[in-house]
Amino acid sequence: MKKKMRKKEIPQKVAAGVMSGVMLLSSTGATALAQEIQGTELFKGDDAKQTAKGVSRTQQQAAPTLASRTDTTVTLNSTKDLHYACAKTGESSPTYTWIKADATTISFDNLESGVSYDFVCAADDQGEGISPASTIYTLQAAPANPAILATISYPEETMTISPGYEMNTTSDFNGDPVVSGASISAFIGKDLYIRAAKKGDIPAGVAKAYEVAARPANTTTVPADQITRSTTGFHFTPNPQGVYQYTGGRQTTPKTIVGGKVTGLEPGTVYSLTDYTQATETAFKSGTNTQEIRTKSVVAPATTAGSGASQSANTVKADKTEADLGETITYTVTYGEGYTPSMTIGSDELAFDTATIDSEKKTAVFEYTVKEGDTTVNAVAHFNERAVKTVDAQETKTLYANDPSNQSAQALAESLPKKVGVTYDNQTKGEEDASWQLKKESAWNIKGGDYTYEAQVGEARAAQDVKVLPVVAAFEPIGDIKLPVKTGGYTAKELGLISSIEVTYTSTGFETQTDKAVPVVWSPAVPSGFGANQTDRATFTGTVSVPEWATSTNSTLSREVRFGIPVTVSGLAFLKKTYDGTQNANWNKGDMASMTLMADGKELEGYTLTGSNPEIHLDSPNVGTRTIVGVSDLSIAGPEADQYVLDFSGMTATITKQTNVQAPDTVTVTDDSVTDTSAAVSVTNPAEGYLLEYASAEPGQQPTFWQTSGTFTGLKPGTTYDFYARYAETSNNAASEATKTGSPSTKTNAQVAAPTKAGAGKQDAGCTITANVEHAAVGSDVTYTVKPSENYSVDENTSLKINGTAVPLTKGDTDANGLSTYTATYEVTEDDTVIKAEATFNKRAVDTVATLTGITKTANDPINASQQTLEQSLPQTLEVTYDNGVTGQELVQWAKKSDSPDWDAKGKTYTYIGTLVSDKTQTAELTVTIDAVTATITAPDAKTIPIREKAYTMEELGLGSTFEVSFGGVVDAMDCPVSWNPNTPGDFGTTGSKETSKTFAGTVTLPAWATAPDAGTTVDATVKTATPLTVTGITVTPKAYDGTTEAALVLDSAQLADVPEADKGNVSFDTGATLTAEFDNANVGTDKKVTVTGDALTGDNAGNYIIDWSACDIKGKITKATGIIAPAAPEVDAEKPPPPV
């Protein structure tokens, strides 16, 4: 029920009382406090004001108080069952529409924004007890288009806010205020909030989000593989839209890079390269990207040190002059035979055995990997005198105990080799002095044994086993003897106790030796008068004085001496005999049967001499009067013969000198005994008891010097000799006639002298010439073997001279290094006495240079960064074959051929001529082809954008600062800088623009190495506008979680919204369209945002419209997955042991 109330102003005094809070009198005389009239919640700030409009007739109700408000709504604190109403402030005759409160608050809607209203309350809908009015403003309306109320300066990253508006970081404006003109860098990519500022009593407006664009993607970062680094800088092709800065080393603050080139940096140092796409009038600068760029480390030329540093054979060379972190530097060290190289590289000490060693070439290759902190890699090759690493195994020395060197342990040690073969720590071989000492565990014994001697050779220890074989001494026993009793007894000599005996020495593989006079010492001494009585009897033991080195099972003789009654032989006669070398007497043994035995001057009856082949032995076979010392196979036979003994005392026999001595049998030269200076001869069946002597003479000459040995030494090489033998004259016999060796005469072999070396390689131990023999007979061959070392060569026609005449060499097999062995055969002639050979070893020379395979690269290859880098990439060495067959590497210097084109970053074909540093006559040609890489710039498809109020950026049009360019598959497609004309869309695409289509001309900046397409580097991009429409009625089919974001749309009920009335028949939604829909993520949830792409418009005028999918609120649901099949049970790998517990 409406009741028109009469407006009544509050008298000034009353109003003043209300405002001052004093007590007022109502018309009824009741008092009313000013606080009751005002209400406690009304004045919350300067934007709220209450004005008393008068006092009701009852003065029962207080003025309403504010609970909350918006730009179109005011909510009051209310009392249940009271009635409330409002009217615009200033209406002369307000008409109230009363609303009864049924809760603690009551709201008034559809109010005008930024307008003040008077709010009153009463006891009923007739206005009884109407309260004073509270004047309350609605808030100002939210901005309809926030984007036009603030202008962003993208390069400066500041914002200018339109007058009358204010901005804050939060929608309730309790955050940080944003001041016009201040930096907004901290808010880029975030939402700020803008509202109308307070205007006098009118409070501030409702806030609305103001979207600050995010920083665009950085499109100017240079890939690491497109940055060329050196030891003092780096360079790259910059993107024109990019800003590049670096820090590091001494550069502590960012320094801008101009032209993409940085110089003057420290080697081996990490620098930070920061880049971003610079701001435009319509976009902020991009976010920054930082990458670490390490300059290459300097590889300093390696130096040499040590005792061999000055030797020309000792060299070291690195394979590069600069290197990256983690890159391997190879140092090739060549060393002379007498030196062992090691290296100090950086802080690493590298021993010789850590290198890859070629002992034939005498090279050691050391490797070093560049480490963090290596600015300059310094390397020193140490050439120290080689040291013994191992000693060759020594063959066991075998000798006999009687060897003169077996006099003592020390004498034995001195007989061992004075030098031993060794292997040095540089893998070369040689000989070193050895001082031998008997190992402690060995004990020397003069009779022989097995010993080990040791010698300290450098740091190594040599061992020499020695086997001294025992020599066994043996002699014949002398047996027992029975002698006739003799007045006065016998002496030791008469008892046959010999003072010396013949001893024979034998051993395994030993030539039997005989000593005819080894002393014998008898014990006991012969008693005085021993043998004077028949009862005298004794056993004498003779100790044979065999040498200490001899081994003997029994070194004693034993003789038992007994005595019997002497018996003489009557009729026995001794005849003279000519010397025949035997001790047998010449007697009348044929008369033995008629001889009579006499004892004490009487015939011994019943006793006779007996023996089948009796012999009477003299004391010596030599000429002279000899005494009888014994008999053999001659004894007394009779009943008591044992008590008798034959007595020859006083009897002698005469041996006379032999004058007619028969010459020896045939004299022959011993097979294989003839050398260049010696020969041996022997006589067939020499007669015993005669001394042979030998002589030699050249044909036509007579022998003048005779010797007792059949071995001749000191003969002249290649000389003819006759050899003679005869029995020498002695006291027993005259000399015989000489017997001469048969025809033809014997010729000594020609002597093959030790071959010598000449030429540049004569001091190189690897250059060798050897002969297969030391002497050779006429008509036989001497084979010489010549082998150069890898650093020297021989001439097959002139390098070998034999006796001053060049002899051709025959090339033989080659070894693994290609090095050949040469041989030559020389046939010994009649005129040869001493054969001398000399080989000349020349310094090797390059024979051929290997043919090079051309290099083909594409223009974008890093080696094509500049002419310098291209030429630095060429091989530093060339493979060559030397005239000795060995292959190797030689340093080369390159020069571009005069008719080759100038270097072009886009690629050409060049010809280079390489000249060997060591031999300027040797060259090689290398073709380097740099293939062009042609860019393909494809114009983008026309793009349609929805018309909107906010201006578009170039990025939103798909026209960023880079453009994808392809290169025909040769190089991966890449984003290249592009500049657009116009460079901003202006108001194109907004509601204020009349343009429906706009073409932007782009100029693409290609890499320096890229060849532009025939059409040039420009590209046109066309953008069209269309009226945006939204779609309603699309639903999303709920799905169970499956780990994907794919969403299924239901389009059956979909229909367009906002289609102008005139076009409702000319454009419609195609429910059969194929659209792509994706949940924002794959997780379970409800009301999940679904992003849709694709075109679903149909109709004659469909081209004038576009669906603004971002404005279509499409949501879906992903539920929890159920019925998931459990995974298969894990399988235990039987081959793997269980993990430790």
When you look at Thr232, is it surrounded by 15 or more Cβ atoms within 10 Å (Cβ to Cβ), among the polar types (S, T, N, Q) and within 54 Å of the chain's Cα centre (by Cα), yes or no? yes
Tell me, which strands (runs of 3 or more DSSP E) lie completely within the range 902-963 with 3 or more residues that are of a type in the set (A, V, I, L, M), in contact with a Gly (Cβ under 9 Å, 6 or more places away or on another chain) and over 20 Å from Asp975 (Cα atoms)? 923-931
Flag if Lys447 is more than 30 Å from Asp536 (Cα to Cα), basic (Lys, Arg) and part of a strand (DSSP E or B): no
Per-region count, the range 808-828, residues at pLDDT 95 or above and either out of contact with any strand residue (DSSP E or B) (no Cβ under 6 Å at 6 or more places or on another chain) or part of a loop (DSSP other than H, G, I, E, B) (or both): 3
State all residues of the range 864-892 that are in contact with a helix residue (DSSP H, G or I) (Cβ under 7 Å, 6 or more places away or on another chain) and either assigned by TED's automatic domain parsing to the domain that holds Tyr822 or over 29 Å from Ile227 (Cα atoms) (or both); if no residue qualifies, say none. none
Determine which single condition Val526 fails, assuming it passes every other condition in (1) without any contact (Cβ under 8 Å) to a residue 40 or more places away in the chain; (2) buried (at least 18 other Cβ atoms within 10 Å of the Cβ); (3) on the phi > 0 side of the Ramachandran plot. (3)
Identity of the residue in the range 276-319, over 18 Å from Phe234 (Cα atoms) and among the charged types (D, E, K, R), that ends up farthest from the chain's Cα centre (by Cα): Glu281
Quick one: what pairs do we get from the range 414-443, first residue without any contact (Cβ under 8 Å) to a residue 24 or more places away in the chain and in the same structural domain as Pro404 (by TED's automatic domain parsing), second assigned to a loop (DSSP other than H, G, I, E, B) and surrounded by fewer than 16 Cβ atoms within 10 Å (Cβ to Cβ), C-beta under 6 Å, 6+ apart or different chains? none
Considering each of Val645, Val661, Val681, Val667 in turn, give the residue that is more than 30 Å from Ala728 (Cβ to Cβ), β-branched (Val, Ile, Thr) and touching a residue at least 40 places away in the same chain (Cβ under 8 Å). Val645
For the range 893-950, which residues satisfy the criterion of being under 30 Å from Leu149 (Cα atoms) and either assigned by TED's automatic domain parsing to the domain that holds Asp1058 or not hydrophobic (A, V, I, L, M, F, W, C) (or both)? Lys943, Thr944, Pro946, Arg948, Glu949, Lys950
Quick check on my filter: what residues within the range 135-157 are assigned to a strand (DSSP E or B) and either farther than 26 Å from Thr282 by Cβ or in contact with a Pro (Cβ under 6 Å, 6 or more places away or on another chain) (or both)? Thr135, Ile136, Tyr137
Just the residues that are part of a strand (DSSP E or B) and either in contact with an Asp or Glu (Cβ under 8 Å, 6 or more places away or on another chain) or aromatic (Phe, Trp, Tyr) (or both), please, taken from the range 80-116. His83, Tyr84, Cys86, Ala87, Lys88, Tyr96, Lys100, Phe108, Ser116
Can you confirm whether Glu737 is acidic (Asp, Glu), touching a residue at least 12 places away in the same chain (Cβ under 8 Å) and not in a strand (DSSP E or B)? yes
Which of the residues spanning the range 628-684 are assigned to a loop (DSSP other than H, G, I, E, B) and polar (S, T, N, Q)? Ser649, Thr659, Asn660, Gln662, Thr666, Thr670, Ser673, Thr675, Thr677, Ser678, Thr684
Only one of (1) under 30 Å from Ala760 (Cβ atoms); (2) part of a strand (DSSP E or B) does not apply to Ala313, and that is (2)
Restricting the range 988-1015 to residues that are among the aliphatic types (A, V, I, L, M) and touching a residue at least 40 places away in the same chain (Cβ under 8 Å), which is nearest to Val933 (Cα to Cα)? Ala1010
Given (1) surrounded by 15 or more Cβ atoms within 10 Å (Cβ to Cβ); (2) out of contact with any helix residue (DSSP H, G or I) (no Cβ under 7 Å at 6 or more places or on another chain), identify the lone condition not met by Leu575. (1)
Return yes when Asn860 is under 30 Å from Lys801 (Cα atoms), outside any helix (DSSP H, G or I) and either among the polar types (S, T, N, Q) or not assigned by TED's automatic domain parsing to the domain that holds Val786 (or both) and no when it is not. no
Of those in the range 509-528 that are part of a loop (DSSP other than H, G, I, E, B) and modelled with pLDDT of 90 or more, the residue farthest from the chain's Cα centre (by Cα) is Ser528
Odd one out for Asn772 among (1) in contact with a strand residue (DSSP E or B) (Cβ under 8 Å, 6 or more places away or on another chain); (2) under 14 Å from Ala697 (Cα atoms): (2)
Taking the options Ala413, Ala401, Ala443, Ala455, name whichever one is within 45 Å of the chain's Cα centre (by Cα) and not basic (Lys, Arg). Ala455
Which of (1) in a loop (DSSP other than H, G, I, E, B); (2) modelled with pLDDT under 90; (3) not small (Gly, Ala, Ser) does Asp1052 not meet, given it meets every other one? (2)
Yes or no: the range 878-887 includes at least one residue that is in contact with a Phe, Trp or Tyr (Cβ under 8 Å, 6 or more places away or on another chain), part of a strand (DSSP E or B) and under 30 Å from Thr334 (Cβ atoms). no
Would you tally the residues in the range 193-219 being in contact (Cβ under 8 Å) with a residue 24 or more places away in the chain and either more than 60 Å from the chain's Cα centre (by Cα) or under 22 Å from Glu112 (Cα atoms) (or both)? 17
Determine which member of the set Lys998, Lys1024 is touching a Pro at 6+ places or on another chain (Cβ under 9 Å), under 22 Å from Ile937 (Cα atoms), at pLDDT 90 or above and of a type in the set (D, E, K, R). Lys998
For the range 1026-1054, what are the residues that are surrounded by fewer than 14 Cβ atoms within 10 Å (Cβ to Cβ) and without any contact (Cβ under 8 Å) to a residue 40 or more places away in the chain? Gly1043, Thr1044, Glu1046, Ala1048, Val1050, Asp1052, Ser1053
For the range 281-292, does any single residue satisfy the condition of being in contact (Cβ under 8 Å) with a residue 12 or more places away in the chain and at positive phi? no
Just need a number here: residues in the range 348-372 that are within 15 Å of Thr328 (Cα to Cα) and of a type in the set (Gly, Ala, Ser). 1
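The values are calculated or read from the model by the stated rules, or taken from the named source; none is laboratory data. In this text, all values refer to a predicted model and were calculated from it rather than measured experimentally. Here the Cβ is made from the backbone with ideal geometry for all residues, glycine too, and neighbour counts use every protein chain on show.
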